[in-house]
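Structure record follows, encoded as structure tokens.
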Amino acid sequence: MENKEYTLATGDSGAYRLQILNKIHQPYTEFLLARAGLSSGMRVADIGCGTGNVSFLIASKVGVDGSVYGVDLSEAQLDIAPSQAKNSNFNNMSFVGGSAYDTGLSKESFDLIYCRFVLIHLNRPLEALLEMKSLLKPGGLLVCEEADFGKAFCEPSSQAHDRCYEMLIGLASSRGQNFCLGIDLYKMFQDAGFISPDISFIQPVVDGENKRLIDMSLMEARNTLIEAGLTVSDEVDEIIFQMKELAEDNTTLFGIPRVTQIWGRK
């Protein structure tokens with residue numbers, strides 16, 4: 001069963017975009033996990049693992065004495081992840097189907113739970129956080145990264161760029177989601193019972209091929225945007241064209257959505 005809340009493409013059609021996304025964010029994610037305390041021998045779950053990009057990073061850090069469970073609701077994503085793990089000779093990984101609200105994993109059995117860019121796609125993000133907390137052993141760590149699309153920028157400024165994000169934020173809102181959730185995470189962690197979570201912000205500035213992340217995301221959401229009445233085909237196609245042109249312009253910088261990095265101990 002596919003996740004009807006999710007806005008963008010899954011499976012092979014979304015895999016290339018996810019590769020670019022991971023290429024941009026992996027160095028920051030790796031630094032975050034080290035700061036939070038990821039170490040050899042840990043039992044970890046990656047919630048909303050997608051095609052497993054971060055799961056593989058975590059598996060390399062926990063080593064043969066540790067284990068990683070990737071959880072995703074999308075069958076299309078889970079069709080890709082295990083074969084990638086096998087090709088990469090990771091033997092400490094398992095991938096299972098499950099919702100962020102009900103993962104199906106054993107309660108109080110994990111040293112660390114991780115999720116990235118998952119909560120912004122959910123209608124009930126606090127409920128998902130509480131599910132993740134329930135999976136942690138006493139003293140276990142919950143580590144999350146979430147975006148704030150309202151903080152994206154283009155330099156020099158571009159009306160097409162601003163309209164692109166306006167449409168994506170509007171689409172999320174129309175579906176009961178929040179693509180500007182990042183700034184709310186500190187309070188959400190406190191509401192979930194993490195008294196003094198640690199928090200930081202990062203905002204990658206991208207160039208070259210990585211700038212294509214934006215027009216590819218808009219292309220994946222194109223039909224849904226039209227169906228929601230947020231745009232018409234002529235407008236969105238023109239915005240996609242202009243975003244491709246901006247991506248090819250090496251004098252233009254994209255500051256992609258600011259990311260909130262947060263972690264707390266149960």
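Taking the Cβ of Gly52 as the center, what net charge do the other residues with Cβ under 9 Å away carry, scoring Lys and Arg +1 and Asp and Glu -1?
On the way: positive: none; negative: Asp46, Asp72.
Here the count lands on -2.
What residues have an amide H closer than 5 Å to that of Arg43, excluding those fewer than 5 places away on the same chain, when H is modeled at 1.01 Å from N in the peptide plane?
Ser67, Asp111, Leu112
Where the convex hull is taken over the Cα atoms of segment 201-257, what is its projected area averaged over directions, in nm²? Before the final figure, lay out the partial values.
On the way: hull surface 17.3 nm².
Quarter of the Cα hull surface area: 4.3 nm².
Enter the accessible area per residue of the chain (Å², integer; probe 1.4 Å; all protein chains in place).
On the way: 11600 Å² over 266 residues.
With the other protein chains kept in place, the chain gives 44 Å² per residue.
Could you quote the convex hull projected area for the chain, Cα atoms only and averaged over all directions, in nm²? Walk me through the numbers on the way to the answer.
Working: hull surface 52.1 nm².
That works out to 13.0 nm².
Relative to the longest principal Cα axis of the chain, at what angle does helix 75-87 sit, 0 to 90 degrees, rounded to 10?
Approximately 60 degrees, to the nearest ten.
Over the heavy atoms of Glu209, what accessible area does a 1.4 Å probe trace out, to the nearest 10 Å²?
90 Å²
As an exercise, use a Förster radius of 22 Å and the Cβ-Cβ distance of Arg124 and Ile183 to find the FRET efficiency, rounded to the nearest 0.05.
Working: r = 18 Å, r/R0 = 0.83.
For Arg124 and Ile183, the calculated efficiency is 0.75.
Once phi is turned into ³J(HN,Hα) by the Karplus curve 6.51 cos²θ - 1.76 cosθ + 1.60 with θ = phi - 60°, what whole-Hz value does each residue of segment 250-266 show in order, with x for glycine and proline?
6, 8, 10, 10, 10, x, 6, x, 4, 10, 8, 10, 9, 8, x, 10, 6
State to the nearest 20 debye the size of the charge dipole of segment 119-266 about its Cα centre, where the only charges are +1 on K and R beta carbons and -1 on D and E beta carbons. Let's see the in-between values first.
Values: 14 positive and 23 negative charges, 196 e Å.
About 940 debye.
Report ³J(HN,Hα) in whole Hz for each residue of segment 17-23, in order, from the Karplus equation J = 6.51 cos²θ - 1.76 cosθ + 1.60 where θ = phi - 60°; Gly and Pro get x.
In residue order, the calculated couplings are 4, 5, 5, 5, 4, 5, 4 Hz.
Taking a 19 Å limit on the Cα-Cα distance, which of the listed pairs Lys151/Lys211; Lys107/Lys187; Lys133/Lys187; Lys61/Lys187; Lys151/Lys266; Lys107/Lys133 fall beyond it?
Details: Lys151/Lys211 16 Å; Lys107/Lys187 24 Å; Lys133/Lys187 15 Å; Lys61/Lys187 30 Å; Lys151/Lys266 30 Å; Lys107/Lys133 9 Å.
Table pairs above 19 Å Cα-Cα are Lys107/Lys187; Lys61/Lys187; Lys151/Lys266.
For Arg258, what residues show an amide H to amide H distance below 5 Å, using hydrogens built from the backbone and excluding near sequence neighbours?
Asp148, Lys151, Ala152
Would you please put 93-101, 223-231 in order of how densely packed they are, using the mean number of other Cβ atoms within 10 angstrom per residue and starting with the highest?
Numbers: 93-101: 18.4, 223-231: 14.9.
Per-residue Cβ counts within 10 Å, averaged per peptide and sorted highest first, yield 93-101, 223-231.
May I ask for the Kirkwood hydrodynamic radius of segment 117-211, worked out over all distinct Cα pairs and given in angstroms to one decimal? All intermediate terms of the calculation are to be shown ahead of the outcome.
Working: mean 1/r = 0.0664 Å⁻¹.
Over segment 117-211, the inverse of the mean reciprocal pair distance is 15.1 Å.
With θ set to phi - 60° and the Karplus curve 6.51 cos²θ - 1.76 cosθ + 1.60, what are the ³J(HN,Hα) couplings of segment 50-63 in order, to the nearest whole Hz, using x for Gly and Pro?
x, 7, x, 4, 6, 4, 5, 4, 4, 4, 5, 8, 7, x
To the nearest 20 debye, what is the magnitude of the charge dipole of the chain about its Cα centre, counting +1 on the Cβ of each Lys and Arg and -1 on the Cβ of each Asp and Glu?
Working: 23 positive and 35 negative charges, 219 e Å.
For this selection, approximately 1060 debye.
Restricting to the chain, compute how many DSSP beta bridges are antiparallel as a %, nearest 5. Can you show the working numbers first?
Numbers: 18 of 38 bridges.
Around 45 percent of the beta bridges assigned by DSSP in the chain are antiparallel ones.
The values are calculated or read from the model by the stated rules, or taken from the named source; none is laboratory data. Given the structure is predicted, the values throughout are model-derived calculations rather than measurements. Neighbour counts run over all protein chains shown; Cβ positions are idealised from the backbone, glycine included. All accessible areas refer to the heavy atoms of the entire protein, side chains included, with ligands and DNA or RNA removed. Shrake-Rupley method; radii C 1.70, N 1.55, O 1.52, S 1.80 Å.
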